[in-house]
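Down below is the structure, laid out as structure tokens.
The values are calculated or read from the model by the stated rules, or taken from the named source; none is laboratory data. These figures come from a predicted structure and were not determined experimentally. Heads up, the Cβs are rebuilt from the backbone with ideal geometry, glycines too, and the neighbour counts pull from every protein chain shown. Quick note on the areas: whole protein, heavy atoms, side chains included, nothing else; ligands and nucleic acids left out. Shrake-Rupley method; radii C 1.70, N 1.55, O 1.52, S 1.80 Å.
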Amino acid sequence: MSSVKSDFKRVTTNSVQEMKRKGEKISMLTAYDYTLAGIVDSAGIDVILVGDSASNVMAGHETTLPITLDQMIYHASSVVRAVKRALVVVDLPFGSYQGNSKEALSSSIRIMKESGAHAVKMEGGVEVITSVERILTAGIPVMGHLGLTPQSIYKFGTYTVRAKEEAEAEKLLSDARELEQAGCFALVLEKIPAKLAQKVAESISIPVIGIGAGAEVDGQVLVLHDMLGMTKEFSPRFLRRYLDLNSEISAAVESYVKDVKSRDFPNEKEQY
Ligand code: KIV
């Protein structure tokens, strides 16, 4: 097993908070299915996010809006069955929590009860505080998400960097403080200036996990299919690709097609 894996036998919300206190960076990746979640978990990831990016990556939708609570629970329960060590956090999908705090609580209870996950994540600042507080009354840990919040894409109009202007940056910092006070155990910051992300991470005691938010935060998250190079068109500046799986899978499939057509597969040893 990798020597960079942190000591925790089972990562909990307390462990990630301890990592921040000790100055140990937190690693987080998305996963949506049993097979990849098992690989990611064995390789030593700290946190697995069953992100609503499944809507894009798994289902081919243009935005994260169409994915349903039932679909998120299906993905989450597949992931949970594979995971032995990582903390599993599940996105509350669009439409499952914005109505009111009662709806937010019942969606969170469904996720926890039906998937076996360990925490939920929701987008938004001051406008979701009563929901965060209500979910916490049921003992369900909540991760916040500020900056670029893809569920509000039609309000923003674009996926460009958020909080570049002072007023938006101030609102983001104040939202981060409110989420901390409401009891969130951690916070994701997506696509904001690195200096602002650093300021947020230094201003609050809960871990701040960035995606396109620079190096001076407490951890990093990427979408698994992006960092493995399976998604070809998506190429933001913050994305580091660790593999070119798109090309590798294409080459493997081309070889298989060729072998079938040429009758090379199956050979004598590959039959009964
Ligand atoms: O859904 C997702 O994958 C996310 C990450 C980008 C943080 O929310």
- Message: Name the single residue that is farthest from the ligand (Cβ to nearest atom) among those in segment 17-36 being buried (at least 16 other Cβ atoms within 10 Å of the Cβ) and of a type in the set (Val, Ile, Thr).
- Response: Ile26
- Any pair with Cβ under 8 angstrom, 6 or more apart, that starts in segment 217-235 at a residue that is touching a residue at least 12 places away in the same chain (Cβ under 8 Å) and assigned by TED's automatic domain parsing to the domain that holds Ala37 and ends at one that is more than 10 Å from the ligand (Cβ to nearest atom) and of a type in the set (Ser, Thr, Tyr): Gly219/Ser27; Gln220/Ser27; Val223/Thr231; His225/Thr231; Met227/Tyr242; Leu228/Tyr242; Gly229/Tyr242; Gly229/Ser247
- Check Ile249 against each of (1) assigned by TED's automatic domain parsing to the domain that holds Leu136; (2) modelled with pLDDT of 95 or more and name the one condition it does not meet. (1)
- Query: Residues Asp33, Asp7, Asp52, Asp41: which one is in contact with a Pro (Cβ under 8 Å, 6 or more places away or on another chain) and among the acidic types (Asp, Glu)?
  - Reply: Asp52
- Message: Taking the criterion of being in contact with a strand residue (DSSP E or B) (Cβ under 9 Å, 6 or more places away or on another chain), open to solvent by 30 Å² or more (accessible area, probe 1.4 Å) and assigned by TED's automatic domain parsing to the domain that holds Ser42, would at least one residue in segment 99-106 satisfy it?
- Response: no
- Query: Mind checking which residues of segment 133-159 are within 16 Å of the ligand (Cβ to nearest atom) and among the hydrophobic types (A, V, I, L, M, F, W, C)?
  - Reply: Val142, Met143, Leu146, Leu148, Ile153, Phe156
- Count of residues meeting criterion [part of a loop (DSSP other than H, G, I, E, B), at negative phi and over 16 Å from the mean Cα position of the chain (by Cα)] in segment 60-99: 10
- Of all residues in segment 37-56, which are open to solvent by 40 Å² or more (accessible area, probe 1.4 Å) and not in a loop (DSSP other than H, G, I, E, B)? Ile39, Ser42, Asn56
- Out of (1) within 12 Å of the ligand (Cβ to nearest atom); (2) open to solvent by 40 Å² or more (accessible area, probe 1.4 Å); (3) not charged (D, E, K, R), the odd one out for Leu224 is which? (2)
- Message: Being among the acidic types (Asp, Glu), assigned by TED's automatic domain parsing to the domain that holds Lys171 and either out of contact with any strand residue (DSSP E or B) (no Cβ under 9 Å at 6 or more places or on another chain) or touching a residue at least 24 places away in the same chain (Cβ under 8 Å) (or both) is the requirement here; does Glu190 meet it?
- Response: yes
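With a cut-off of at least 1 residues that are open to solvent by less than 70 Å² (accessible area, probe 1.4 Å) and closer than 23 Å to Phe238 by Cα, name the helices (runs of 4 or more DSSP H) lying wholly within segment 108-187.
Those helices (runs of 4 or more DSSP H) span 153-156, 166-182.
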- Item | Selected residue (only one of Ala194, Ala182, Ala215, Ala176 is within 22 Å of Ile26 (Cβ to Cβ), within 16 Å of the ligand (Cβ to nearest atom) and over 16 Å from the mean Cα position of the chain (by Cα)) | Ala176
